[in-house]
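**Q** Below you will find the structure I want to go over with you.
FYI, it's all coordinate maths here, none of it is from the lab. Computed from a predicted model, the values in this text were never measured in an experiment. With ideal geometry, Cβ positions are generated from the backbone for all residues, glycine too; neighbour counts draw on all protein chains shown.
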Amino acid sequence: MPAAPHQPLPSGFHVGFALTSPDEIAAMHRQLVAGDVVVSPLEDLRPNQEHVTFRCRDPNGTEIEVFWEPA
């Protein structure tokens with residue numbers, strides 16, 4: 001939901017959402033791309049870093065990270 005007026009956020013600030021599997025990350029990425037949402041490339045950093053992620057922005061420009069990493 002857009003906030004009016006939107007307050008500037010600190011550099012590097014972002015909101016993160018953890019999903020339960022790398023497959024869920026890939027599916028969410030495909031769904032957002034299909035909905036014409038601008039997203040970063042899907043990054044699969046396994047097996048070295050055990051992290052799968054991508055980023056996008058909300059309507060106010062806040063960066064959102066969607067990620068998976070083992071518990």
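**Q** Which of ARG55, ARG30, ARG46 moves most in a GNM of the chain, Cα contacts under 10 Å?
**A** ARG46
**Q** Which of the GluC sites (Glu not before Pro) found in the range 6-69 are in a DSSP loop and have at most 15 neighbouring Cβ atoms, other than their own, within 10 Å?
**A** Qualifying residues, ordered by number: GLU50.
**Q** Using Cα-Cα distances under 8 Å and only pairs 6 or more residues apart, what relative contact order does the range 14-68 have, in percent?
**A** Relative CO of the range 14-68 lands at 44 percent.
**Q** What label, among (1) 42, 27, 18; (2) 38, 22, 17; (3) 45, 22, 16, belongs to Cα extents along the principal axes in Å computed from the structure on display?
**A** (1)
**Q** Here's something else I'd like to know. Would you calculate, for the chain, the mean residue ellipticity at 222 nm contributed by helices, counting each DSSP H stretch of 4 or more residues as -39,500 (n - 2.57) and dividing by all residues, to the nearest 500?
**A** Dividing the helical sum by the residues of the chain leaves -6000 deg cm²/dmol.
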